[in-house]
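To start, the structure under review is shown below, and the notes come after it.
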Amino acid sequence: MCRMARPRKPLLSRDRIVATAGALVDAEGLEAVSTRRLAAELGVSGPSLYNHFRTKDEILEAVADAVSAKVDLSMFDEDDGRDWRTALHDWAVSYRAALTDHPNIVPVLARGPGRRPAGLRVADAVFGAMVRAGWPPAQATHIGALMRYFITGSALGSFARGFVDDETAYDPADYPHLGQAHLLAERQERVDEGAFETGLRALLDGLAVRYEGAVRR
């Protein structure tokens, strides 16, 4: 009589660790991630994680990089055909979408790419495209920084959800211009996306004005 083979546990890998840690961050925040918690979720012993990551911070960096890897960079390809302004706009929309899907990891991403490969590819693509478009390297660096400040800042929190949906919180005697503020939370997506698009277009309008002068110099 043949014995039934016991089902084997999936092999522990960096990808499994990152995926599990990312799910924890999405559901419960950065503080939910610990080597003990991850080991329990993965069904392994704690020390086995150290074969892949030395610290919790390394795991969070890898989770952040996995989010960066979801950002579309095709608009910066040399043969793409989009001008620098359209490319920046389309990239910013893709970048923000990746961050708003995983808002709890944004504080890690906001620190910059560090040594993260996908994060560095993003920085390289933006800088390279701006220089090819004629921006001086120093200005291209400033544009990359400016865009990161704007995009990560917009993803750190919701403006609309910052207002409670209780009409009594906005006494017209104290706040005469906030009579509709209690409606913002239920219109969160429309308000926040509209604010992002308004800010992005204003930012790009300003850069377009500076572009002619930068190229002439």
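The values are calculated or read from the model by the stated rules, or taken from the named source; none is laboratory data. Computed from a predicted structure; not experimentally measured. All Cβ positions, glycine included, derive from the backbone under ideal geometry; neighbour counts span all protein chains shown. We work out accessible area using only protein heavy atoms, side chains counted, and drop any ligands, DNA or RNA first. Shrake-Rupley method; radii C 1.70, N 1.55, O 1.52, S 1.80 Å.
In region 195-217, what residues are open to solvent by 80 Å² or more (accessible area, probe 1.4 Å) and either of a type in the set (Val, Ile, Thr) or more than 21 Å from the chain's Cα centre (by Cα) (or both)? Explain how you work it out, then say what you get.
Taking region 195-217 and keeping what is open to solvent by 80 Å² or more (accessible area, probe 1.4 Å), we get 198, 201, 209-210, 212, 216-217.
Result: Thr198, Val209, Arg210, Glu212, Arg216, Arg217.
Taking the conditions exactly as written (out of contact with any helix residue (DSSP H, G or I) (no Cβ under 9 Å at 6 or more places or on another chain), among the aliphatic types (A, V, I, L, M) and not in a helix (DSSP H, G or I)), does Ala145 satisfy them or not?
Numbers: out of contact with any helix residue (DSSP H, G or I) (no Cβ under 9 Å at 6 or more places or on another chain): yes; among the aliphatic types (A, V, I, L, M): yes; not in a helix (DSSP H, G or I): no.
No: the conditions fail for Ala145.
Pairs please, first residue from region 106-128 and on the phi < 0 side of the Ramachandran plot and free of Cβ contacts under 8 Å to residues at least 24 places away in the same chain, second anywhere and surrounded by 16 or more Cβ atoms within 10 Å (Cβ to Cβ) and in a loop (DSSP other than H, G, I, E, B), Cβ atoms under 6 Å, 6+ apart in sequence or on different chains.
Leu120/Pro113; Ala123/Pro113
Among the residues of region 179-188, what is the count of those that are within 27 Å of Arg96 (Cβ to Cβ) and free of Cβ contacts under 8 Å to residues at least 12 places away in the same chain?
In the first step, residues of region 179-188 are kept if they are within 27 Å of Arg96 (Cβ to Cβ); the result is 180-188.
If we keep only those that are free of Cβ contacts under 8 Å to residues at least 12 places away in the same chain too, we end up with 180.
Qualifying residue count for the region: 1.
Pairs please, first residue from region 133-155 and on the phi < 0 side of the Ramachandran plot and modelled with pLDDT under 95, second anywhere and of a type in the set (Phe, Trp, Tyr) and open to solvent by less than 30 Å² (accessible area, probe 1.4 Å), Cβ atoms under 7 Å, 6+ apart in sequence or on different chains.
As it stands, the answer is Ser154/Phe196, since those pairs meet every condition given.
What number of residues in region 8-18 are open to solvent by less than 70 Å² (accessible area, probe 1.4 Å) and in contact (Cβ under 8 Å) with a residue 40 or more places away in the chain?
Qualifying residue count for the region: 3.
Regarding region 192-202, can at least one residue be identified that is under 23 Å from Pro103 (Cβ atoms), aliphatic (A, V, I, L, M) and at pLDDT 95 or above?
Within region 192-202, one or more residues are under 23 Å from Pro103 (Cβ atoms), aliphatic (A, V, I, L, M) and at pLDDT 95 or above.
Given Thr168, Thr198, which one is more than 24 Å from Ser94 (Cα to Cα), assigned to a helix (DSSP H, G or I), polar (S, T, N, Q) and free of Cβ contacts under 8 Å to residues at least 12 places away in the same chain?
Details: Thr198 fails: more than 24 Å from Ser94 (Cα to Cα).
Sole residue among the options that is more than 24 Å from Ser94 (Cα to Cα), assigned to a helix (DSSP H, G or I), polar (S, T, N, Q) and free of Cβ contacts under 8 Å to residues at least 12 places away in the same chain: Thr168.
Among the residues of region 73-95, is any in contact with a Pro (Cβ under 7 Å, 6 or more places away or on another chain), farther than 26 Å from Gly29 by Cβ, open to solvent by 40 Å² or more (accessible area, probe 1.4 Å) and at pLDDT 95 or above?
Filtering region 73-95 down to residues in contact with a Pro (Cβ under 7 Å, 6 or more places away or on another chain) leaves none.
Checked region 73-95: no residue is in contact with a Pro (Cβ under 7 Å, 6 or more places away or on another chain), farther than 26 Å from Gly29 by Cβ, open to solvent by 40 Å² or more (accessible area, probe 1.4 Å) and at pLDDT 95 or above.
Could you count how many residues in region 36-65 are of a type outside the set (Asp, Glu), open to solvent by 40 Å² or more (accessible area, probe 1.4 Å) and part of a helix (DSSP H, G or I)?
Counting residues in region 36-65 that are of a type outside the set (Asp, Glu), open to solvent by 40 Å² or more (accessible area, probe 1.4 Å) and part of a helix (DSSP H, G or I) gives 7.
Quick check on region 137-175: of everything there that is of a type in the set (S, T, N, Q) and under 23 Å from Ala64 (Cβ atoms), which residue is surrounded by the fewest Cβ atoms within 10 Å (Cβ to Cβ)? Spell out the reasoning first.
Going residue by residue through region 137-175, those that are of a type in the set (S, T, N, Q) are 139, 141, 152, 154, 158, 168.
Of the ones still in play, those that are also under 23 Å from Ala64 (Cβ atoms) are 141, 152, 154, 158.
Values: Thr141: 16, Thr152: 18, Ser154: 22, Ser158: 18.
Taking the candidates together, the pick is Thr141.
What do you reckon, is Gly119 modelled with pLDDT under 95, small (Gly, Ala, Ser) and within 15 Å of Arg148 (Cβ to Cβ)? Walk me through it before giving the result.
Details: modelled with pLDDT under 95: no; small (Gly, Ala, Ser): yes; within 15 Å of Arg148 (Cβ to Cβ): yes.
Judged against the criteria, Gly119 is not a match.
Cβ-Cβ under 7 Å, sequence separation 6+ or interchain: first residue in region 58-87 and touching a residue at least 24 places away in the same chain (Cβ under 8 Å) and of a type in the set (D, E, K, R), partner exposed (fewer than 14 other Cβ atoms within 10 Å of the Cβ) and not in a helix (DSSP H, G or I). Which pairs?
Within 7 Å, the pairs are Glu61/Gly114.
Checking Leu178 against (1) in a helix (DSSP H, G or I); (2) more than 18 Å from the chain's Cα centre (by Cα), which single condition isn't satisfied?
Result: Leu178 fails condition (1) only.
What is the one condition in (1) acidic (Asp, Glu); (2) closer than 22 Å to Asp72 by Cβ; (3) open to solvent by 30 Å² or more (accessible area, probe 1.4 Å) that Asp192 does not satisfy?
Among (1) acidic (Asp, Glu); (2) closer than 22 Å to Asp72 by Cβ; (3) open to solvent by 30 Å² or more (accessible area, probe 1.4 Å), the lone unmet condition for Asp192 is (3).
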